[in-house]
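So the structure is just underneath, and the comments pick up after that.
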Amino acid sequence: MRDPSIALLPQHIPVMLAEVLGALAPADGEMHIDGTFGAGGYSCAILQAADCRVLAFDRDITAVRAAAPVCAAFPNRLNVINQPFSRMEEFARIEVTPHGTLPVEGPFADGVVLDIGVSSMQLDQAARGFSFMHDGPLDMRMSAAIDPIDGSALDVGGSAADFLNFAEEEKIANVIYTYGEEHRSRAIARAVVKARQVAPLTTTRQLADLVLRVFHGCKPDGKHPATRTFQALRIHVNDELGELVAGLAAAERILKPGGRLVVVSFHSLEDRIVKRFLASRCGKTARTSRHLPEQSIKSELPSFRFVNLRPLTPSQGELVLNPRSRSARLRAAIRTDAPPHAIDEDALGLDQPPV
Ligand SMILES: C[S@@+](CC[C@H](N)C(=O)[O-])C[C@H]1O[C@@H](n2cnc3c(N)ncnc32)[C@H](O)[C@@H]1O
């Protein structure tokens, strides 16, 4: 049944929509994958731009439930699956036809778009625990996934509270330092461990106040000092960087020659992964991994060519209308007919200190 509160959710404003459409260039008869459906801004725009089909993914069941009226508005053209985009290949290969399900062989997608991160709906709902602006349970999980094939609950991992209440101090500090680029990570981790000896951390307000105390109530740059800690925990709890690497590799396998990959990211670590992935696939970097034999490095032909060498950023007009777009970076590339490359996580920037 549709959650009646969905109608009350503020809409997510799609970021860099014109640039996404320009890079994806949808045409009649094509099949596009939207890995991060959210409020469906990109999916709807793609479906309106051409008589094509979109297969969309979102790991958040709330977003998938809210998609029902959007799917109804585009009969037989939009399907939204409650799965992380890292699994786009296995689910997209099961093509639903009027005669049942058929496995799709070979590359089949004309476009893949990823809009990495959280939606405004997720940030603004206190109960999701993503934001220190609203008091809520310290959760931060994007997924509440059910298996679309057998309807069973999937293990979606622990919440931010689980992590903070049970992980070792050093691990907490590493997560906050690596994913939040927070220089006071050790002091914050120490304060977390001290606090949990008295009572477990359960709310976003508790964590925000704890970080504020570490900063003695100061707000450098006018920003709440908990901003970076919240971002780091969200990235860790949802394995966002691992998802991104797996999603890029899946896109490389399913895109047809001439198919387009478009990625919008908001965090420097994510943008670095996309940049390194495309540089290695477009033949712009010498691969330096110690894990791959020399020969396989040399034999890999470029599997993509750049649409734009430098990332696109939001226009001044968009920044005024939607300040949340300010850190967005768009990178895009076109698939060649070369085989997909082997995945090298170190070369993509996942060789961070252990977290
Ligand atoms: C920034 S919003 C996307 C907004 C969308 N482009 C629009 O125009 O409405 C990101 C969405 O992607 C989803 N998401 C984030 N990481 C995901 C992943 N690894 N797999 C599937 N969905 C993901 C989130 O749950 C969220 O709904």
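Here are the numbers for this structure:
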read-out: Amide H within-cut-off set for Thr203, under 5 Å, with H built and near neighbours excluded; value: Leu138
read-out: Bridge type composition, the chain - antiparallel percent by DSSP, nearest 5; value: 50
read-out: Cα-Cα P(r), segment 154-237, percent of pairs per 10 Å interval; value: 19, 58, 21, 2, 0
read-out: Proximal lysines to Lys219, defined as alpha-carbon separation beneath 16 angstrom and excluding residues fewer than eight positions away on the same chain; value: none
read-out: Leading residue at positive end of dipole, the chain (Cβ point charges), from Ala246, Val104, His32; value: Ala246
read-out: For peptides 76-85, 314-323, sequence by mean Cβ density within 10 Å, most packed first; value: 76-85, 314-323
read-out: Sequence ranges 160-173, 33-46, ranked by mean other-Cβ count within 10 angstrom, highest first; value: 33-46, 160-173
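No value in this document is a laboratory result; all are computed from the given coordinates. Here the structure is a predicted model, which means the values were calculated and not measured. Methodologically, a virtual Cβ is constructed for each residue, glycine included, from the backbone with ideal geometry; neighbour enumeration extends over all protein chains shown.
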